[in-house]
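Below is one structure, written out as structure tokens; the observations come after it.
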Amino acid sequence: MTPKISFFDFTLLVDEQQFELVFTEGEFIDFPDVGSSKFVLYRLYGFFVELEYDVLQNHIINKIVFQGQNKSVD
């Protein structure tokens, strides 16, 4: 079993290691299409990773790693 990794430690990994963790341990959330891009959102160990795919060229063109906010809904 892969140990959990912190947000900070994840950001220090090289892209290939980040992608491996996202694809093997991440929980798929959503994938809206916007023009020739597809944005795929994953939850991983309490933070989020959004990958932008260029659909025409079939490769990842951007990655955003961010922490979610716990907000209560009234």
Computed for the chain: size of charge dipole around the Cα centre, +1 on C-beta of each Lys and Arg, -1 on C-beta of each Asp and Glu, debye to nearest 20, value 160
Pop out the ³J(HN,Hα) list for segment 36-42 in order, Karplus 6.51 cos²θ - 1.76 cosθ + 1.60 with θ = phi - 60°, rounded to Hz; leave Gly and Pro as x. 8, 10, 10, 9, 10, 10, 10
Kirkwood Rh over Cα pairs of the chain into Stokes-Einstein at 10 °C, 1.306 mPa s: D in µm²/s? 120
Give me the one-decimal nm value for the distance between modelled label points at Phe19 and Gln57, 7 Å along each residue's Cα-to-Cβ direction. 1.3
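Bear in mind that the values in this text are calculations on the coordinates, not laboratory data. From a predicted model like this one, the values you see are computed outputs, not experimental measurements. Heads up, the Cβs are rebuilt from the backbone with ideal geometry, glycines too, and the neighbour counts pull from every protein chain shown.
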